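What follows is a single structure, written as structure tokens, with notes after it.
The values are calculated or read from the model by the stated rules, or taken from the named source; none is laboratory data. Remember, predicted model here, so these are calculated numbers, not experimental data. Here the Cβ is made from the backbone with ideal geometry for all residues, glycine too, and neighbour counts use every protein chain on show. In case anyone asks, the SASA skips ligands and DNA or RNA and just uses the protein heavy atoms, side chains included. Shrake-Rupley method; radii C 1.70, N 1.55, O 1.52, S 1.80 Å.
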Amino acid sequence: VTGINGRPIDDEECNIFFDVAEGKVHGNTGCNYFNGDLYTSPNEAFSLSFGQMGVTRMACPDNNMETAMLLALEQTTNARPGRNGSAVLYDRNGNTLIVLERM
């Protein structure tokens, strides 16, 4: 993850992994781990949403990044290729939520 809601992120622990074939997503908010289901629609290009998300509850430093990331994942409705091999997650209004870089 290199950005959330227009805010740059420089945290190697903050990541998202997609397993499209299995329909699963997992990652780390920079403190807690999460996992859940990944949904796409064959009828809508670039559609993407998440469900049945679970998150660990470790005590973390007061950090709004975790909350912002989890809320952004809830609001995601599609993903598109970005610049230089990145991917961008968007909400239903086309607002950029999360910018991802391939590891």
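So the values come out like this:
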| item | result |
| --- | --- |
| Accessible-area composition of the chain, carbon plus sulfur, in percent [1.4 Å probe] | 46 percent |
| Long-range HN-HN contacts of Leu48 with modeled amide H, under 5 Å | Asn78, Ala79 |
| Separation of the Thr56 and Asn93 label points, Cα + 7 Å toward Cβ, nm | 3.5 nm |
| Helix-derived mean residue ellipticity, 222 nm - over the chain, DSSP H n ≥ 4, -39500 (n - 2.57), to 500 | -3500 deg cm²/dmol |
| Highest to lowest packing among 68-75, 18-25, scored as the average C-beta count within 10 Å | 68-75, 18-25 |
| In order through the stretch 48-59: 3J(HN,Hα) via Karplus (6.51 cos²θ - 1.76 cosθ + 1.60), integer Hz, x for Gly, Pro | 6, 8, 10, x, 6, 6, x, 9, 5, 10, 6, 5 |
| Probe 1.4 Å, protein heavy atoms only - accessible area per residue of the stretch 36-103 in square angstrom | 70 Å² |
| Lys/Arg +1, Asp/Glu -1 at C-beta; the stretch 58-103 dipole; positive extreme among Gly82, Ile98, Ala68 | Gly82 |
